[in-house]
Amino acid sequence: MDYKKMAAAFAAGGAVLAAGAAYTMKQKNNKQPGIHFSTGGGRHVYLSDTSLASLAVAVYLIRDYNFDGDNIHIFAPQEFLGGRCSKANNKEVVLNGNVWLHENDCCRFWELFRSIPSVENKGASVKGDIVHFNQDHPFTLTKLPVLRSQKEGSLGVGKKERRFLEKLVLTSDEKLEKVSVQDWFGENSLFFQSDFWILLRTLYELKESSSVRFLRTLLLTQTEELRHIKTLEGWMQLPQHPYDALIVPLYSYLKGYGVHFHIGASITDIRFSDTYNLRANHLLVQEGKQRYQIEVNSDDLCICALGEEERRAAFGSMDASCQIPAESEDLWNCLASHRSELNVPGKLFEPKDGAQGTFIIKLKETDLIALLQQANIDNRFWCLADSNWGLSFYMNPQSDTKDEIADISLYGSVLYPFELGDYVRKPFAECTGKEILIELLSHLGLQEHLEEIVKQCNAAIPCVLPHAQAAKLAENEPVLNSAKLNDSNFAVLSPYRKIASCNWLENQVAQAYDTVENLMHPQIERKEQIAKNLKQQAKAVRLLRQVE
């Protein structure tokens, strides 16, 4: 036997097999452009966006359930990551004014970020970064952050209004459907003149037309925050823009585990098995001009974000107002067209009803701080109680980036962006950044210094979110309430689902946690929830009896 000829034959055969395998893999990759699938098998996970909730889902699956990061696929239709935590279109506006935390609340948020390593400080966690920053820059106020004449230390809540609040806490959610805050208290109630309401409205982005169920959830879940609402003792700010403080560390963590981020690719439709449950079996994906289909196995997971409106954000500039785009919720509409469980029972609100505004003003010198101190305005956070826009703002004590040119940044929030301003007689949505700065300074009584402060302004960027408030408005509840949404391999992340917490950051993380738990343990009944609700009610009633 000629062993040399045999070895040569085997080598030739191996080369043919290798070439065939390479050709097969090439063909497979050609069929699925832009998407890398692990050849190691296992369960795959598909997430439709890069919001804080979606990234938290990926972390929980890796950390708590040992999912292979190489099998997790996160689609990013826009180039920017983070949803409402993002620096959308490279703008530094905070897309959600409620970026406050409390050391004794926000349990899910703290538990998650305790396990996420800091990007800047080796050996530290993101939670550690936030805590240390606030220890260096404590946020305790010397007086109420409301520009209104008032009794010293009083929140202005009378006995009648307090009884209404206690009754609300003890009323079940089912009896509050389609009831607004204004319906509950009455249109001319003195409650809406109290500083307690002004603070709630500002800190938690409430409107008179908001669902009173949202206010009830606030009273039940944010007890520690509300206990110190007069001074904001124990309240915390993020050390940087939410994108830098939260999204960048999450992205770094997930990339370290091999998670795939498909920038520019979006899920355009999801096909479900023809069964009672919402079981996804195919995803239709578009990447640029290419469209393709992904098969979803029964044990894979598909988690879709619906109703997050940050991609419709309209931005202005120092000399230009916002132009609101006319885009629709294409994916949600597509899914609702062939599954009734995903349909909206009732109208979605017009932009004017559900809109919210935000802005950032960057000043290259600190003369404004000295002027504010001269006017006895020395807090870092203020809500302008009598502003037609529902205007509030806060100062970040630290620049957002290391190479920041501006010495001071003002982040602002506007609840009624389609109302006329008090000094600039135009709606916020039609104002330039310069006009918004003039309106703000006029409210602060600094009209004499308008010209010099405007000259010091590096940037003033307004933003309008057309449907930021829609999920909180009374007539729109409940929207996504089907039990099928977490009962198979498909789940929905959305502000239109039941709110776990009125702190927006906590709600995103808590919703992610609950989604993962329900998908991984669908049969577990959580009996402890009833006892938890009773305990929350008791704490809320005790709190309200201290409010004056």
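See the values below:
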| item | result |
| --- | --- |
| Karplus-derived 3J(HN,Hα), 6.51/-1.76/1.60, for each residue of segment 168-174, Hz, glycine and proline x | 4, 4, 8, 8, 6, 4, 4 |
| GluC sites (Glu not before Pro) restricted to segment 277-343 and DSSP loop, no more than 11 other C-beta within 10 Å | 327 |
| Derived scalar couplings ³J(HN,Hα) [segment 98-113; Karplus, 6.51 cos²θ - 1.76 cosθ + 1.60; whole Hz; x for Gly, Pro] | 8, 10, 9, 10, 9, 5, 9, 10, 6, 4, 5, 4, 5, 5, 5, 7 |
| Residue-normalised accessible area of segment 223-301, given per residue in Å² at a 1.4 Å probe | 44 Å² |
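The values are calculated or read from the model by the stated rules, or taken from the named source; none is laboratory data. Quick caveat: nothing in here was measured; it's all calculated off a predicted structure. Note: ideal-geometry Cβ built from the backbone for every residue, glycine included; neighbour counts use all protein chains shown. Remember, those area values only see protein heavy atoms, side chains included, never the ligands or the DNA or RNA. Shrake-Rupley method; radii C 1.70, N 1.55, O 1.52, S 1.80 Å.
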